[in-house]
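Colleague: Mind having a look at this structure? Questions to follow.
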Amino acid sequence: MTIISMRDVSKFFGDFQALKDVSLDVALGERVVICGPSGSGKSTLIRCINGLEAHEVGDIVVDGTTLTADPANLEKVRSNVGMVFQQFNLFPHLTVLDNLCLGPRRVLGLTQIQARERAMTYLERVQISEQADKFPRQLSGGQQQRVAIARSLCMEPRILLFDEPTSALDPEMIAEVLDVMTELASSGMTMIVVTHEMGFARRVADRMVFMDKGEIVEVGAPQDVFNAPKSKRFEKFIKQIL
Ligand code: ADP
Ligand code: MG
C-alpha cells in the first residue's frame, strides 16, 4: 500500500527551481533514505510532504489526502506526518515533559493526565524518561534530539520525516540517536530520512534516493546503489562522503 505519492512535483523559489519533476512513491512501513549534495533539494522535498513548503506543480498525496493550500487539508496531512529537524526545535522555555505534552493537549485534545502518561511512554521508548523535568538547555545535543523524536511520536503519526537529524551533533552522540531511529524502523514506522550516515542507510533503508540539483537522480536498494551506482554523479558523491 502506497502511503506517500509524489507525482511530477516541481517547486520554485521565485525563478529558482528547487524541485524538478520529482516522482516518488513510499509504501506503508517503508524506510527511505535521501542523500545528495547540499542545496540539492532534500529538505525542500520532505518539507513539501508535510506542507511546510507549497509545491506549484504536480500532486502529492499523503495517506489518501491530496495536499492543497486548504488549511483543513494541511492540518489533516500534518496530523499524520511528524518531522524531526537538524536543530531539534524544542521550546527552550518548556521542560522536556511540557514540550511533549503541548501538541497532544492543544491539537489532539488530550487531558493533562493523558498527555503526561503518553509523554512518559515515549520518553521511556527513547530512554530518557529520567530527564522529564529538565529544560532542553540542560541536556546534551543527543538527548535533545531524542526528546524531539519522542515529541513527534507523542502525536502518533503514521509517517516520520527526519531532516539531517544527526548533523548538528558531536560525533559521540550520533550513535544514540541513530539507535533510537533504528528501533523505530524495526517497529514498522514509515520513515523518510535525509542523512549522510551511510552505515545507517545500509542497515535500515529499504531504498536509497540520491538527489542532485533538484532532481531524483537515482533510486534503489542500498546494496545495489552502493555497490553499483548507475550515475556518475552518485558515484562521485559516494566517494566524497565515504
Ligand atoms: P538541501 O536540503 O538538499 O541542502 P534545500 O532543499 O534546503 O537543499 O535547498 C534547495 C535549494 O533551494 C537551494 O539552492 C536553496 O538555496 C534553495 N532554497 C531553499 N529554501 C529556500 C527559500 N526559502 N527561499 C529561496 N531559496 C530556497
Ligand atoms: Mg537540507
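The values are calculated or read from the model by the stated rules, or taken from the named source; none is laboratory data. Keep in mind the model is a prediction, meaning the values are calculated, not measured. Calculation scope for accessible area: heavy atoms of the full protein, side chains included, ligands and nucleic acids excluded. Shrake-Rupley method; radii C 1.70, N 1.55, O 1.52, S 1.80 Å.
Colleague: In degrees between 0 and 90, to the nearest 10, how far off the longest principal axis of the chain does helix 96-106 point, with axes built from Cα atoms?
Modeller: Taking the Cα atoms of the chain, the angle to 96-106 is about 80 degrees.
Colleague: Something else now. Just to confirm the number: angle between the C-alpha axis of helix 171-186 and the first principal axis of the chain, 0 to 90 degrees, nearest 10?
Modeller: Value to nearest ten degrees: 90.
Colleague: Where does the chain land at 222 nm, in deg cm²/dmol rounded to the nearest 500, when only DSSP H runs of n ≥ 4 count, each adding -39500 (n - 2.57), divided by all residues?
Modeller: Helix-only estimate at 222 nm: -12000 deg cm²/dmol.
Colleague: Ignoring ligands, DNA and RNA, what percent of the accessible area of the chain is carbon or sulfur (1.4 Å)?
Modeller: Ligands and nucleic acids excluded, carbon and sulfur give 49 percent.
Colleague: Also, I was wondering about something else. Could you pull the accessible area for residue 134 with a 1.4 Å probe, rounded to 10 Å²?
Modeller: Its accessible surface works out to 80 Å², give or take rounding.
Colleague: Can I ask one more? Given the Cα-Cα distance of residue 124 and residue 239 and 0.36 nm per residue of separation, how much length would full extension add, in nm?
Modeller: Full-extension gain reported as 37.6 nm.
Colleague: Helix 112-125: angle to the longest alpha-carbon principal axis of the chain, degrees 0 to 90, nearest 10?
Modeller: 60
Colleague: With springs only between Cα atoms under 10 Å apart, run a GNM on the chain and tell me which of 167, 231, 43 wobbles the most.
Modeller: 231
Colleague: When DSSP beta bridges are limited to those with both residues in the chain, what percentage is antiparallel, rounded to the nearest 5?
Modeller: Here the antiparallel bridges make up roughly 55 percent for the chain.
Colleague: With every protein chain present, what accessible area does residue 61 have (1.4 Å probe, heavy atoms only), rounded to the nearest 10 Å²?
Modeller: Rounded to the nearest 10, that gives 40 Å².
Colleague: Could you report region 64-184's accessible area per residue, 1.4 Å probe, as an integer in Å²?
Modeller: 48
Colleague: Now for a different question. Based on Cα coordinates alone, diagonalise the gyration tensor for the chain, multiply each eigenvalue by 5, take square roots, and list the semi-axes in whole Å, largest first.
Modeller: Its equivalent ellipsoid spans semi-axes of 30, 22, 15 Å.
Colleague: Let me ask something additional. If I ignore ligands, DNA and RNA and count only protein heavy atoms, how much of residue 196 is accessible to a 1.4 Å probe, in Å² to the nearest 10?
Modeller: Only protein atoms counted, so the area is about 70 Å².
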